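Heads up, the thing below is written out as structure tokens.
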Amino acid sequence: MESARGQRAKIIVVDEARDVDPEIVDAVVSPLKNYRREISFENKFPDFASKTIRITSACEKALPYYQEFVKTLKNMATGDKQSFACALDWRAAVENGVNQEEYFIHERENKPEVVFAMEYESKFVGSTNNSAFPYELTQKCRTLQKVELEQPKNSKSRYVISLDIATSDADTADNSILSVLKFMEKTDGTFNRKLVYMRSFHGESLDVLAEEVRKLYHLHFPNAEKIIYDARGLGDSLDRFFDKEWVDYASEKEYPPLVVDDEPNMNAAAQPMLHPFRAIQALNQRLYTNMRVALEKQRIELPIPSRLLQSKELERDDKQKMSMYEKAIYAEADALQFEMGNIVAKVSASGNVLYDTTNIRLHKDRYSSLAMANDYISELEKINIKRFNRGVQCIGLASTF
């Protein structure tokens, strides 16, 4: 914007306006529009009023652009002829020949619902009133630039894999969500977390999910310390799909069975990697508390909004272009933020506080997957901080000769 200073224009068009601070724009743009064209002055006719046009796809209601849109809309409704606002969905593009309908059908099938709604249906989404995780809270943590499809070579980082389970193939049913949290110790004994991977599955059976977990752990994130899963309902039997060795036929390498870490096992070759999470009321409260603390203290980094990827892509050469699998992780993070924004605290008849969505048609599967992984790390962190605060301990024998 600084390069525009000193120029003059009658119409300023700001594209991708949701990513531009309106106060910064106005500070530069207002002087540019203070302009009467020479042709109108010479021929003694009034020039038309200068205009600023902001265009973008829809965004979260917490962003300044939404407030600007609503303000303009209200001005237009009162009869202000200098104000105009409209929201067009994908059907307008089809009617005007910009795209084929098949393109949008494909996009709907391959994008999280909330991402499609903002990008192609011009729907502004936001947090429910009294949200447990409002957009203002999660947005501060959406700073992770680089996701991971696998851990870097020679990586010494620590990882946790988490699986929230849902197997129904009904259109409105929940999804199974597979997440990977990367974490590293800081100088004060706390852990910094990064959501480097997230993938959703709809209507897949337990054996398919177990196969995906195996691939993710053995082939992509072998540094993972635990595989955490929701052990309620169907999840109670998930461990039975890991009790045999697993072979990666591409490399012809065999991997040992995986077993739960809270029960004794007679198979000495098996790895106690499976960590069942059985969500009783006390654990659900802890899940929320640990997630809230991580967000407030910004100890967790979530992938940047998917809309920012386009500008990032333009800065890369062809060898660095992101794959569709990488881009999908950013879209999953968009959907995660939407889910968390619609989680509220509910008081049951027995007086217990439950954290759930406001509507049965909304989901919180991505939150559950992330929260289980974060909870595991948070409990490790509490132990680590105590050890850190005690300082170096020396244990030994002292003697004289």
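Relative contact order of the chain, please, whole-number percent, based on alpha carbon pairs below 8 angstrom and at least 6 residues apart. Write out the running numbers ahead of the final one.
Values: 611 pairs, mean separation 68.1, N = 401.
With pairs under 8 Å counted, the relative contact order is 17 percent.
How big is the range 261-388 on each of its three principal axes, counting only the C-alpha atoms and giving the largest first in Å?
52, 47, 34
How would you rank Arg390, Arg366, Arg37, going from fewest to most other Cβ atoms within 10 Å of each one's own Cβ? List each step's numbers first, then the result.
Values: Arg390 8, Arg366 25, Arg37 13.
Result, fewest neighbours first: Arg390, Arg37, Arg366.
Work out from phi, with θ = phi - 60° and the Karplus expression 6.51 cos²θ - 1.76 cosθ + 1.60, the ³J(HN,Hα) of each residue of the range 113-122, listed in order in whole Hz, and give x for Gly and Pro.
Computed from phi, the couplings for the range 113-122 are 3, 5, 5, 5, 4, 6, 6, 10, 10, 6 Hz.
Count neighbours as other Cβ atoms within 10 Å of each site's Cβ, and list the chymotrypsin sites (Phe, Trp or Tyr not before Pro) in the range 1-98 that are DSSP loop with at most 11 such neighbours.
Within the range 1-98, the qualifying chymotrypsin sites (Phe, Trp or Tyr not before Pro) (loop, at most 11 other Cβ atoms within 10 Å) are Phe48.
Holding the Cα-Cα limit at 30 Å, pick out from Lys253/Lys386; Lys153/Lys186; Lys74/Lys364; Lys146/Lys386; Lys10/Lys146; Lys140/Lys346 the pairs that are longer than that.
Checking Cα-Cα distances, Lys253/Lys386; Lys74/Lys364; Lys146/Lys386; Lys10/Lys146 exceed 30 Å.
Among the aspartates and glutamates, select those whose C-alpha is under 14 Å from the C-alpha of Lys382, and discard any that sit fewer than 8 residues away in the same chain.
Glu185, Asp188
Averaging over all projection directions, find the projected area of the Cα convex hull of the chain and quote it in nm² with one decimal place.
Projected over every direction and averaged, the Cα hull of the chain covers 32.3 nm².
Taking a ≥ b ≥ c as the square roots of the eigenvalues of the Cα gyration tensor of the range 147-213, is the shape rounded (a/c under 1.5), prolate (a/b larger than b/c) or oblate?
Taking the square roots of the gyration eigenvalues as a ≥ b ≥ c, the range 147-213 is prolate.
Which parts of the range 267-290 would a label at Asp248 reach, counting a residue when its backbone N lies under 19 Å from a point 7 Å out along Cα-to-Cβ?
Within reach of a label on Asp248: 270-274.
Most exposed first by the Cβ proxy, i.e. fewest other Cβ within 10 Å, how do Met273, Met324 rank?
In increasing order of surrounding Cβ atoms, one gets Met324, Met273.
Starting from the Cα gyration tensor of the range 163-259, take the square roots of the eigenvalues, sort them a ≥ b ≥ c, and report rounded, prolate or oblate (rounded when a/c is under 1.5, otherwise prolate if a/b is larger than b/c, else oblate).
Oblate.
Within the range 135-388, what percent of beta bridges assigned by DSSP are antiparallel, to the nearest 5?
Working: 25 of 39 bridges.
Around 65 percent antiparallel, to the nearest 5.
Using a Cα-Cα cut-off of under 17 Å, which lysines could be cross-linked to Lys71, ignoring same-chain neighbours fewer than 8 residues away?
By straight Cα distance, Lys71 reaches Lys51, Lys61, Lys81, Lys123.
Ser83: net charge of surrounding residues, Cβ under 13 Å, Lys/Arg +1, Asp/Glu -1, itself excluded?
On the way: positive: Lys51, Arg54, Lys71, Lys74, Lys81; negative: Glu68, Asp80.
Computed value for this residue: +3.
Take the alpha carbon gyration tensor of the range 2-86, find the square roots of its eigenvalues, order them as a ≥ b ≥ c, and report rounded if a/c is under 1.5; if not, report prolate when a/b exceeds b/c, else oblate.
It comes out oblate by the Cα gyration axes.
Which is farthest toward the positive dipole end of the chain among Thr52, Ile343, Phe201, measuring Cα position about the Cα centre, with Cβ charges +1 (Lys, Arg) and -1 (Asp, Glu)?
Thr52
For the range 235-291, what's the relative contact order in percent, using C-alpha pairs closer than 8 Å and at least 6 residues apart?
On the way: 53 pairs, mean separation 13.1, N = 57.
For the range 235-291, the relative contact order is 23 percent.
What number, in percent, do you get for the relative contact order of the range 2-86 if the mean sequence gap of Cα pairs under 8 Å and at least 6 apart is divided by its residue count?
Numbers: 88 pairs, mean separation 28.2, N = 85.
Answer for the range 2-86 is 33 percent.
Can you list residues whose amide H is under 5 Å from Thr52's amide H, if they're 5+ apart or on another chain and H is modeled 1.01 Å from N?
Amide H neighbours of Thr52: Ile12.
At 222 nm, what helix-only mean residue ellipticity would the chain give, in deg cm²/dmol to the nearest 500, using -39500 (n - 2.57) for each DSSP H run of four or more?
-10500 deg cm²/dmol
Where in the range 166-252 are there chymotrypsin sites (Phe, Trp or Tyr not before Pro) that are in a DSSP coil and have at most 15 other Cβ atoms within 10 angstrom of their Cβ? Before the final figure, lay out each step's value.
Working: sites: Phe183, Phe191, Tyr197, Phe201, Tyr217, Tyr229, Phe241, Phe242, Trp246, Tyr249; in loops: Tyr249.
Qualifying residues, ordered by number: Tyr249.
Only the coordinates and a few stated rules stand behind these numbers; no lab work does. Keep in mind it's a predicted model, so treat the numbers as computed, not measured. Backbone-built Cβ (ideal geometry, glycine too); neighbour counts: all protein chains shown.
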